[in-house]
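Asks: Here it is, the structure, as structure tokens.
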Number of protein chains: 2
Amino acid sequence: MAEPRYQRRKKDRPQEITEAAFAAFAEKGFAATKVEDVARRAGVSKGLLYLYFKTKEELFKAVIRGVVTPRVDELTRTLDSSALSAEAFIRGPLLTFMKRLPGSPASVVIRLMISEAPKHPDLVEYYWDNVASRGLAALRQLLERGVANGEFRESAVNELPQLFVAPVMMSIVWGIVFADRSLDTDRLIETHVDMILAYIRA
Amino acid sequence: MAEPRYQRRKKDRPQEITEAAFAAFAEKGFAATKVEDVARRAGVSKGLLYLYFKTKEELFKAVIRGVVTPRVDELTRTLDSSALSAEAFIRGPLLTFMKRLPGSPASVVIRLMISEAPKHPDLVEYYWDNVASRGLAALRQLLERGVANGEFRESAVNELPQLFVAPVMMSIVWGIVFADRSLDTDRLIETHVDMILAYIRA
DNA sequence: TCTCTTACTGACTTGCTGGTCAGCAAGTAT
DNA sequence: ATACTTGCTGACCAGCAAGTCAGTAAGAGA
């Protein structure tokens, strides 16, 4: 008889807990999620969770980092492998990447950042260093290359790559607030990219 | 002697409490704000607050409504008094209005909506009915007028007035998350409007 | 001036949740 | 088998904040 009541799996626990926490945070947000719910979801006792994560906050940070890091890697990989012209790159891989964001874990992260940013300055810093500033720098670089190529003219967009991201942000926020009322985010983003390209083309 | 320890001011209390609550929520967010802090800010006891508002949630709703309503009025007033051409109206009063939003109480409301929307569906409905759907309808109407005028061509923007608002959203979210790292939101919005107009001009 | 209504107070209760820890049992070494 | 290490459990605690209510006093009315 005697199913063992639990297994010892030191290696896998952190990730399992982290994933459970992400799911819980996605549903309820950070503040409204109880540590015990996370533990239950991960099939683990609350005590064990606290063995791997000192506080609820630290768990939160681990979750954000866990989701963000692979996505950043994906972005940088996408950006590196670009033998394309600037415009072709924008219309191709970049557009695809942007369209995927509103339905991806990234949007959960954004929501969590918006809700919790004021209370977690170090998390904001991490996010800035690893995601925002890098992404914006990459966009800027891409535009510069287009200008150097003679594809694009100099324009305010060069200093404001946030313009590029605006419709993605819009789509994400829309999804958070008006989850049900549908919005054609793909079309929104496509049109916006069209507009930008028309605007900056040499 | 005998300063009276308090005054009875049934008329003014609700608004005073509401204003105090808005200030508190703006600083800390809804979840992190203690009812007693709101009461203290309003110069009132917690008990009295609960005499005017049944629960913390109801207070929250009252606050949102109190901030949102006058702003909607302002918007509709702006939109009505328009003897201008569509483009002139966009470059003039509409642009001014949009530029004001990121620094206004509206941005606090947005933040609260993003954080609390999942837990307050009725509030989302209220916001949709009174703000979002109206604003978007007005924009759509404005674009239609431009098309009828012969100023603008038909374009995807007609069905996606969210495109218009995207950089405002971006600016607001930026302000929430990266409060310190400055962003020239005016320029962002201006450039974006430029872009849109160039794109839709007949 | 006295009474009566009610706006207002603040100490209290209650329920909840982050965090702890003594002990238990799964796996490992001998 | 037996002893030992340590991943893991779950009952427990402490503190905090929402919400209550018996009592107080402002101020209106007679």
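The values are calculated or read from the model by the stated rules, or taken from the named source; none is laboratory data. Bear in mind that the values here come from a model prediction, so they are computed numbers and not experimental data. FYI the Cβ positions are ideal-geometry reconstructions off the backbone, even for glycines, and counts take in every protein chain you see. Keep in mind that these areas ignore ligands, DNA and RNA; they rest on the heavy atoms of the full protein, side chains included. Shrake-Rupley method; radii C 1.70, N 1.55, O 1.52, S 1.80 Å.
Asks: With charges set only on the Cβ (+1 for Lys and Arg, -1 for Asp and Glu), what does the dipole of the range A:63-200 come to about its Cα centre, in debye to the nearest 20?
Replies: 220
Asks: Pop out a list of residues from the range B:123-162 that are at least 20 Å² less accessible with all the protein chains around than in their chain alone; 1.4 Å probe, no ligands or nucleic acids counted.
Replies: Those are B:V124, B:W128, B:A156, B:E159, B:L160, B:Q162, which lose 20 Å² or more relative to the chain on its own.
Asks: Select from the range A:54-97 those trypsin sites (Lys or Arg not before Pro) which occupy a DSSP coil region and have at most 12 other Cβ atoms within 10 Å, ordered by residue number.
Replies: The qualifying sites are A:K54.
Asks: So how much accessible surface do B and A hide from each other in total, probe 1.4 Å, in square angstrom to the nearest 100?
Replies: Approximately 3900 Å², summed over both chains.
Asks: Grab the alpha carbons of chain B, take their convex hull, and tell me the volume per residue in Å³.
Replies: Normalising the Cα hull of chain B by residue number yields 151 Å³.
Asks: So, one more: A:T96 to B:L84: FRET efficiency via 1/(1 + (r/R0)^6), r the Cβ-Cβ distance, R0 60 Å, to the nearest 0.05?
Replies: Efficiency computed from Cβ-Cβ geometry: 0.90.
Asks: I need the inter-copy label distances for A:G66: point set 7 Å along Cα to C-beta, values in nm with one decimal, smallest first.
Replies: So the distances to the same position in the other copies read 4.1 nm.
Asks: Okay, moving on. Over the alpha-carbon set of the protein assembly as shown, divide Rg by the Kirkwood Rh and report the Rg/Rh ratio to two decimals.
Replies: Here Rg/Rh amounts to 1.02.
Asks: Using a label point 7 Å beyond Cα on the Cα-Cβ vector, give me the inter-copy distances for A:A32 in nanometres, one decimal, shortest first.
Replies: Label-point distances to the other copies, shortest first: 1.8 nm.
Asks: Moving to a separate point now. Calculate what fraction, in whole %, of the accessible area of the range B:1-112 sits on carbon and sulfur atoms when a 1.4 Å probe is rolled over the protein chains.
Replies: Looking at the range B:1-112 in its full context, I get 53 percent from C and S.
Asks: With every protein chain present, what is the per residue accessible area of the protein assembly as shown (1.4 Å probe, Å²)?
Replies: About 50 Å² of surface per residue is accessible.
Asks: Given a cut-off of 32 Å, name the pairs among A:K46/B:K61; A:K10/B:K56; B:K46/B:K119; A:K10/A:K34; A:K11/A:K56; B:K10/B:K99 whose C-alpha atoms lie farther apart than that in the structure shown.
Replies: Listed pairs above 32 Å: A:K46/B:K61; A:K10/B:K56; B:K10/B:K99.
Asks: Based on Cβ point charges of +1 for Lys and Arg and -1 for Asp and Glu, what charge dipole magnitude is obtained for the protein assembly as shown about its Cα centre, in debye rounded to the nearest 20?
Replies: Roughly 1560 debye, rounded to the nearest 20.
Asks: Hey, if you put +1 on the Cβ of every Lys and Arg and -1 on every Asp and Glu Cβ in chain A, which of A:L49, A:V168, A:A21 ends up farthest toward the positive end of that dipole?
Replies: So the residue furthest toward the plus end is A:L49.
Asks: Would you mind telling me which residue in A:S81, A:S115, A:S107 has the biggest mean-square fluctuation in a Gaussian network model of chain A, where springs connect alpha carbons within a distance under 10 angstrom?
Replies: Its mean-square fluctuation being the largest, the pick is A:S81.
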